[in-house]
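Below is one structure; the comments refer to it alone.
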């Protein structure tokens, strides 16, 4: 074998080995892309063909989470934590899945699960003290959970001080929710507006403020807030999930359902969907709105689109059109 042929063979072999080594990660990236696009069935199919890893289990957990399959989500996230107990996000997602189970459990089961949720959120923060999502979720647990499982408003305020240095927007939103929880609605509104003032992506904060107005029954202020968020999201493609949020606010308030449907359609047409607002959920909600408006053909079309992405998504299965 000549030196040139040997060098060529070595190059091809090296490239092939590198490609083989990267294939699982590339496939994981593809599965994550499918998850973000709301393609639950495709994401699960891709993940099922891969070797088991902490990352693949975490991604499966998150897919099941979007499908409201909390037992399956918790099981997959627990496996991710067992395989890599030092990953902050794996603990965070296990805490979230266990939290959803706790919300639907009997009293005794909820007590046990509640302690596990706290432990997972606290461990997530220990592994990465700058994980803003973990800090926010831990604070939400503290102010909403009873003291018997480790809740406590003072603990949530301590987390808010830590968030100030990591994510000021989340810190203001946390203080707003704490004030709202204490029925200090003036302070809550001021904090939500502070979050809006310091945000680099204000479309989200407009929708958060609109949601506050909706909860307070202040619909004449809610609707302009939704419109402000909508205008920004239409200009900033990275804020498109705010359109989904705005549609949720209007639907809960039973106001301007035509605009709510348009916001969902705009979100579904955007190239930057996310697992926070799964496309199959948006299709399902749009189907309901179309049915309410008398467009049964459109409702059937949206239901079919949801089930094409996630055939096991029960809310879409249960629609009777």
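Of the helices (runs of 4 or more DSSP H) lying entirely inside segment 213-296, those carrying at least 3 residues that are within 22 Å of residue 33 (Cβ to Cβ) are 241-253, 257-269, 279-292. Among residues that are within 27 Å of residue 278 (Cβ to Cβ) and either in contact with a strand residue (DSSP E or B) (Cβ under 8 Å, 6 or more places away or on another chain) or in contact (Cβ under 8 Å) with a residue 60 or more places away in the chain (or both), residue 244 is included. Which of (1) in contact with a helix residue (DSSP H, G or I) (Cβ under 7 Å, 6 or more places away or on another chain); (2) at pLDDT 95 or above; (3) surrounded by fewer than 16 Cβ atoms within 10 Å (Cβ to Cβ) is the odd one out, the single condition residue 269 does not satisfy? Here residue 269 clears every test but (1).
The values are calculated or read from the model by the stated rules, or taken from the named source; none is laboratory data. Nothing here was measured: the structure is a model prediction, and the numbers come from that model. So basically every Cβ, Gly included, is an ideal-geometry build from the backbone, and we count neighbours across all protein chains shown.
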